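Participant: Pasting a structure below so you can have a look.
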């Protein structure tokens, strides 16, 4: 999996913070072992990474595990793209190198995340970052998006499924292709919990 370098400077705004961190071989081994036990294909390798935290809890990073979660979107996206959730901008970076992507619109609910991350993308005219709630924001009249990616959840959890369904319903008439971050894994958790009666 190709590493996506995140050029966001470390910084803090409100309860949000961008931090550079290092994963050593022992940490990578433990993470990868836990993923194997959980039957997922997410893994990491030793190296330096960035993470976005909220009140000290990691919301996202640019580790290979998280980059892998977005790979289908990166490889498919073209034309006019809508992304719900800014995070570290990991979704924006590979799209900037894709000549088939005409525009990138990002909806982000946190003004602090925008303050930390958006300045890095100000020099790209094809990127528009809007401070709004993905559930409430209304696209311009008549606007259709070729690809829509929803990534507004801080963790993989089957509780996210209802929110994913709402977003897919809302944007379904505005696009022919949309996906939500780790939806398949959330649904797998729900099936497993149902089997075990949790």
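Participant: Spot the failing condition for residue 131; the list is (1) touching a helix residue (DSSP H, G or I) at 6+ places or on another chain (Cβ under 6 Å); (2) under 16 Å from residue 81 (Cα atoms), and only one is missed.
Facilitator: Condition (2) is where residue 131 drops out.
Participant: Determine whether residue 134 is more than 24 Å from residue 3 (Cα to Cα) and not assigned by TED's automatic domain parsing to the domain that holds residue 43.
Facilitator: Details: more than 24 Å from residue 3 (Cα to Cα): yes; not assigned by TED's automatic domain parsing to the domain that holds residue 43: yes.
Yes: the conditions hold for residue 134.
Participant: Right, another one. Looking at the stretch 35-45, is at least one residue buried (at least 19 other Cβ atoms within 10 Å of the Cβ), under 16 Å from the mean Cα position of the chain (by Cα) and modelled with pLDDT of 80 or more? Please lay out each step first, then the result.
Facilitator: Pass one, the stretch 35-45, residues buried (at least 19 other Cβ atoms within 10 Å of the Cβ): 42, 44.
Still in the running and under 16 Å from the mean Cα position of the chain (by Cα): 42.
After this cut, where a residue has to be modelled with pLDDT of 80 or more as well, the list is none.
Looking for residues that are buried (at least 19 other Cβ atoms within 10 Å of the Cβ), under 16 Å from the mean Cα position of the chain (by Cα) and modelled with pLDDT of 80 or more, one finds none in the stretch 35-45, hence no.
Participant: Next question. Looking for something surrounded by fewer than 16 Cβ atoms within 10 Å (Cβ to Cβ), over 27 Å from residue 184 (Cα atoms) and in contact (Cβ under 8 Å) with a residue 12 or more places away in the chain - is there at least one such residue anywhere in the stretch 138-159?
Facilitator: yes
Participant: Consider residue 109 carefully, then state whether it is over 17 Å from residue 79 (Cα atoms) and buried (at least 17 other Cβ atoms within 10 Å of the Cβ).
Facilitator: Values: over 17 Å from residue 79 (Cα atoms): yes; buried (at least 17 other Cβ atoms within 10 Å of the Cβ): yes.
Criteria met by residue 109.
Participant: Can you tell me which of 88, 52, 82 is in a loop (DSSP other than H, G, I, E, B), in contact (Cβ under 8 Å) with a residue 40 or more places away in the chain and crowded, with 24+ Cβ neighbours inside 10 Å?
Facilitator: Matching residue, one of 88, 52, 82: 88.
Participant: State all residues of the stretch 168-184 that are touching a helix residue (DSSP H, G or I) at 6+ places or on another chain (Cβ under 8 Å), crowded, with 17+ Cβ neighbours inside 10 Å and touching a residue at least 24 places away in the same chain (Cβ under 8 Å); if no residue qualifies, say none.
Facilitator: Restricting attention to the stretch 168-184, the residues satisfying the condition of being touching a helix residue (DSSP H, G or I) at 6+ places or on another chain (Cβ under 8 Å) are 177-183.
Restricting the remaining residues to those that are crowded, with 17+ Cβ neighbours inside 10 Å gives 178-183.
Hits for the stretch 168-184 are 178, 179, 180, 181, 182.
Participant: Still on this structure: Of the residues that sit in the stretch 140-155 and are within 14 Å of residue 85 (Cβ to Cβ) and not in a strand (DSSP E or B), which one is nearest to the chain's Cα centre (by Cα)?
Facilitator: So, considering only residues that are within 14 Å of residue 85 (Cβ to Cβ) and not in a strand (DSSP E or B), the one nearest to the chain's Cα centre (by Cα) is 151.
The values are calculated or read from the model by the stated rules, or taken from the named source; none is laboratory data. Please read these numbers as outputs of a predicted model, since none were measured by experiment. All Cβ positions, even for glycine, are placed from backbone atoms using ideal geometry, and neighbour counts span all protein chains on display.
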